[in-house]
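Since the structure comes first, as structure tokens, the remarks are kept for the end.
The values are calculated or read from the model by the stated rules, or taken from the named source; none is laboratory data. Everything numeric in this text was worked out from a predicted model, so none of it was measured. All Cβ positions, even for glycine, are placed from backbone atoms using ideal geometry, and neighbour counts span all protein chains on display.
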Amino acid sequence: MTASSPPFPSYGATSPVLPTPCHDDSDQTLANTPLLGTSDVSIQADDDCREISPQPTERTLLILPTVNRRGSDGSLASSARSDHERIKRSPKSPRILIITLVSLCFATLSILLLGFMLPEAVQEYAKKAADVKLDSLSVDSFTEDGIRVRIQGRVVLDAERVKGVLLRNMGVLVGSVARKVKIGSSKALLYLPDYPEGVLGAASYPELVVNLRNGQATDIDILCDLKPASLEGVKPAIDDYLSGKIHVLRVQVESDMPLTSGILPLGTHRVIQEVVLKDIPSLPALKLSRLNLAEVHLPEQTALGANVTVDVENKYPINFTIPPLGFSVLLRSCDQEFIEVAVARTSAVDIQPFRPIAVDVAGIIRSIPFALIEVCPGTGTSPLDDLLGQYVHGRTATAYVRGLPSDEQDPGLPAWLEELLGSVTLPVPVPAGNALKDILKSFSLNDVKFQLPDPDAEPDSPEASPRLSATVQAIVALPREMNAPLDVSKVIANADIFYKGRKLGEFHVPDWASATTVQREETHDLEVNARVENVPLKITDTDVFSEVVQKIIFGGGSGVKLQADGTADVKVGIASLGAFVIRGIPAKGDIVIKGEKHTLHDINPRPRDISILSSTKSSVRMSAKVTFTNPTNYTATIPYLNILFTKNGTILGNGTIVNAAVGLGVNQVAVEAFWAPADCGEEARAVGMALLGEYVSGGNSTITARAHERSIPSLPTLSKALESLEFTLPLPPPPLGSSPNPPDADPADPPRFVQSATLHVFTSTSSFELRNPFQKDTIFISDITGVATHNGTVLGNLDYEYQIAIPPGLSETPKLPVQWTLKGVGYDILVKAAGGVLKIDAKAECNVRIGRWQERLKFYGSGIGAHVHLN
């Protein structure tokens, strides 16, 4: 803060400022600098002052004394003749001396008269030469109508600060002769010229003696009575300062100063000086070094108590004690009105020069006014939302304080000061909430349920996103300062989800989710559990999503750890204040999804009720109910899902699931399958028939199911993510349908197409027991050729061209003609097995027709139980 050039500088000014007139303790000057110079040592005005050249003092002799100098011969020679020699050689010396003394006295008197007859010149010199250092400014006491201030410092007139040679020389000469000047006690008025009613007040001061000699210091220690003027006059200036509008302030000082030099009165001089204060300092920054929130029990209610220690930097040489103060804590409403939210009281504060200030504050919040929690028009947030939002996002928020009247038992402050504090509303910055940075210790999902989107939804619309339902558990590390009971009743969260640093997707909870709270006293943690239903999950990286799904399902039980980075809005009740919303709390932590240690065999799919829906010459569309086991802890809802059936990378058909709900444990879903290998080319046709032949032969057949880019029509992004997932499943055995296995069948043998056979040796015929897995559709076979063997020995051949109908379930064919091997071991084997069961192997080919679909099928059977009869 800099100033223009008043008679004497005030603290902080770079140019001299007129000192505020004050009253001395003892009515005597406290100038400690000796009136007579005693040495030639330079005097320092302050820490940055330059050395002052030695000047003549009143001890300096007018006629130089004799100084002995050493001659060239080494003897001492007088550098000045003795007075006796001078008188002998000049008989006119006494006359010259008298004339010289008279001239000097006349010159001295002329300088005094000239200097003080031209007060403007003297004032100009004083303004430019004065260098003031303020050591301490302290409040001695509060009076009924003002403040008594103690000022300690030092004043030095430094001629080197004056640029004009004539003005400098005259000032030095006048100061050397006058030595000091006494300023009589008087009053000074202070004005703010930029404000029409801007009268700051009046200051009364006692007499003050200032050393005028160049380089000589005057120590000052005085008491000054300050009486503020009407509050209404300066309130506009205070408001402008608090709102940051004042960067330069003009202050005008007026005083009638009676001056005396020795016994010579110099009259009363009216001094009017304007001081320009630049770089006005802003309010000092506040830092919360201690905060403790706890429930307090008042006679009439339970409230929230807050104990705070506020640290304030002090860059000024001020020294006084502030008594305990009461004040209101205010927030602005939607209408920008000040609403009281708490009352507080400070402890007594002892302020020392240039020492940090620590203020202990105790406050009570009885309730949250409705004006602070109502949503402001056009914003969607309340004033309290805005304040807490700024706090939790690391931005400085603003509250306001206003003074309260003192208690009757503890008056504390005079009435005028209480009026001042009660009429001024001070903004108080609320430091950013760094304690909330790592507030979330853990974040987990339990009872997870996935729901695929509606197939009719528009792509990339909210309805086209997969949805997730889960119980969200968050462990919140409460700040140690929070000792009040908290109850989180509702939660809304939005977060980006990452896996190993790569963004997987976005998680948005659109509506309030109910929550329960458990406060862990031993760890000072808060456990919040909330159930979210049908939350959209937007997949942004299909490759990452695919990797996560495979890790969860087939990761050997290790599970995955995802990272969430977002915000949460919570509806929280604190103590007895009621519930209010805290928005934008940082929600950053790990999401642990438990893995499953299962294999595809644990799924154990079992089809039943297989029916043909339609068929063409090259395709069959069928439906079935598939019972399977969900060994995981996750559930899912599938409105629509289409998957491809492949074998060794060749597409054979596809399957569709519609409106399926997959729960824990055993489930049953309806599946519609489309079998059409021939539609994909001759190679696919050959692969498909080989697989079908292997299946009806009872082999351990497998088929691969995988998603494709149209698996979920409304969500091509998710379909692409699932495209890389392949599940190779063992084909389940044909269902038993309504016909169980024959009584004599081996329980270890699974159901298969050719269940058993009956061989008639003498009539050269055989019949077969066949199983049709369809519920109501008949299978037709024709042009059958085959051979039967036992341990590699041929028993006979079958060649039958007529069509045979195989109804649903277990049925027996008519007796078919067989050509036995009459010569050799084969016939003997049949004869010896007559009346018993012979395990035979069979290879056959036949035409198979289901509806309009028809293909040539190869069959390989082993270990078929054949009943041998001779007739």
**Asked** Among Leu298, Leu277, Leu331, which is in contact (Cβ under 8 Å) with a residue 60 or more places away in the chain and within 27 Å of the chain's Cα centre (by Cα)?
**Response** Leu331
**Request:** Run down Thr542, Thr517, Thr523 and say which single residue is surrounded by 15 or more Cβ atoms within 10 Å (Cβ to Cβ) and out of contact with any strand residue (DSSP E or B) (no Cβ under 7 Å at 6 or more places or on another chain).
**Result:** Thr542
**Item:** strands (runs of 3 or more DSSP E) enclosed by region 260-336 - at least 1 residues per element that are surrounded by 12 or more Cβ atoms within 10 Å (Cβ to Cβ) and among the acidic types (Asp, Glu)
**Value:** 264-278, 286-297, 302-312
**Message:** Against the definition (over 21 Å from Ala464 (Cα atoms) and surrounded by 18 or more Cβ atoms within 10 Å (Cβ to Cβ)), how does Gly578 come out, yes or no?
**Reply:** no
**Fill in**
When every residue in region 807-849 that is closer than 22 Å to Phe674 by Cα and surrounded by 19 or more Cβ atoms within 10 Å (Cβ to Cβ) is compared, the one modelled with the highest pLDDT is Val848
**Asked** Restricting attention to region 692-704, and to residues there that are of a type outside the set (A, V, I, L, M, F, W, C) and closer than 18 Å to Leu729 by Cβ, which single residue is surrounded by the most Cβ atoms within 10 Å (Cβ to Cβ)?
**Response** Gly698
**Message:** Restricting to region 337-356, name every residue that is part of a strand (DSSP E or B) and in contact (Cβ under 8 Å) with a residue 60 or more places away in the chain.
**Reply:** Phe338, Val343
**Message:** Looking only at region 388-415, filter to residues that are surrounded by fewer than 18 Cβ atoms within 10 Å (Cβ to Cβ) and within 19 Å of Gln336 (Cα to Cα); which one of those is modelled with the highest pLDDT?
**Reply:** Arg402
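Does region 819-838 contain at least one residue that is closer than 30 Å to Val626 by Cα, among the basic types (Lys, Arg) and either in a strand (DSSP E or B) or out of contact with any Cys (no Cβ under 8 Å at 6 or more places or on another chain) (or both)? Give the derivation first.
Taking region 819-838 first, the residues closer than 30 Å to Val626 by Cα are none.
Within region 819-838, none of the residues are closer than 30 Å to Val626 by Cα, among the basic types (Lys, Arg) and either in a strand (DSSP E or B) or out of contact with any Cys (no Cβ under 8 Å at 6 or more places or on another chain) (or both).
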**Request:** Would you please name the residue that is nearest to Ser618 (Cα to Cα), looking only at residues in region 666-701 that are of a type in the set (Val, Ile, Thr) and touching a residue at least 40 places away in the same chain (Cβ under 8 Å)?
**Result:** Val687
**Message:** Go through region 125-145 and report how many residues are more than 21 Å from Arg355 (Cβ to Cβ) and crowded, with 20+ Cβ neighbours inside 10 Å.
**Reply:** 8
**Fill in**
Contact list, first residue from region 416-438 and assigned by TED's automatic domain parsing to the domain that holds Val308 and at pLDDT 75 or above, second anywhere and outside any helix (DSSP H, G or I) and surrounded by 17 or more Cβ atoms within 10 Å (Cβ to Cβ), beta-carbon distance below 6 Å, six or more apart or interchain, is Leu421/Gly403; Gly422/Gly403; Thr425/Tyr400; Leu426/Val401; Pro427/Tyr400; Val428/Val401
**Prompt:** Checking Met689 against (1) out of contact with any Asp or Glu (no Cβ under 9 Å at 6 or more places or on another chain); (2) surrounded by fewer than 19 Cβ atoms within 10 Å (Cβ to Cβ); (3) of a type outside the set (Gly, Ala, Ser); (4) part of a helix (DSSP H, G or I), which single condition isn't satisfied?
**Reply:** (1)
**Asked** So which of Asn654, Asn659 ends up being crowded, with 19+ Cβ neighbours inside 10 Å and part of a strand (DSSP E or B)?
**Response** Asn654
**Request:** Looking at (1) over 46 Å from the mean Cα position of the chain (by Cα); (2) surrounded by fewer than 16 Cβ atoms within 10 Å (Cβ to Cβ); (3) not basic (Lys, Arg), find the lone condition where Val666 falls short.
**Result:** (1)
**Request:** Please work out which one of (1) crowded, with 19+ Cβ neighbours inside 10 Å; (2) at pLDDT below 80; (3) of a type in the set (Gly, Ala, Ser); (4) over 60 Å from the mean Cα position of the chain (by Cα) is the condition Ala721 fails and give its number.
**Result:** (4)
**Request:** Taking the options Asn648, Asn633, name whichever one is in contact with a Ser or Thr (Cβ under 9 Å, 6 or more places away or on another chain) and not charged (D, E, K, R).
**Result:** Asn648
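Identify, from the list Leu388, Leu372, the residue that is under 16 Å from Val428 (Cα atoms) and either under 21 Å from the mean Cα position of the chain (by Cα) or not β-branched (Val, Ile, Thr) (or both).
The unique qualifying residue is Leu388.
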**Request:** For Ser614, state whether it is hydroxyl-bearing (Ser, Thr, Tyr), in contact (Cβ under 8 Å) with a residue 60 or more places away in the chain and outside any loop (DSSP other than H, G, I, E, B).
**Result:** yes
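State which residue is nearest to the chain's Cα centre (by Cα) when the search covers only region 145-185 and only residues that are more than 23 Å from Tyr316 (Cβ to Cβ) and in a strand (DSSP E or B).
So the residue we want is Leu157.
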**Complete:** Residue hits (region 155-170; of a type in the set (Gly, Ala, Ser) and over 13 Å from Ala126 (Cβ atoms)) are Gly164
**Item:** Candidate set: region 527-544, residues that are at pLDDT 85 or above and assigned to a strand (DSSP E or B); chosen: the one farthest from the chain's Cα centre (by Cα)
**Value:** Glu533
**Request:** For residues that are of a type in the set (A, V, I, L, M, F, W, C) and surrounded by 21 or more Cβ atoms within 10 Å (Cβ to Cβ), scanning just region 705-716, find the one that is nearest to the chain's Cα centre (by Cα).
**Result:** Leu715
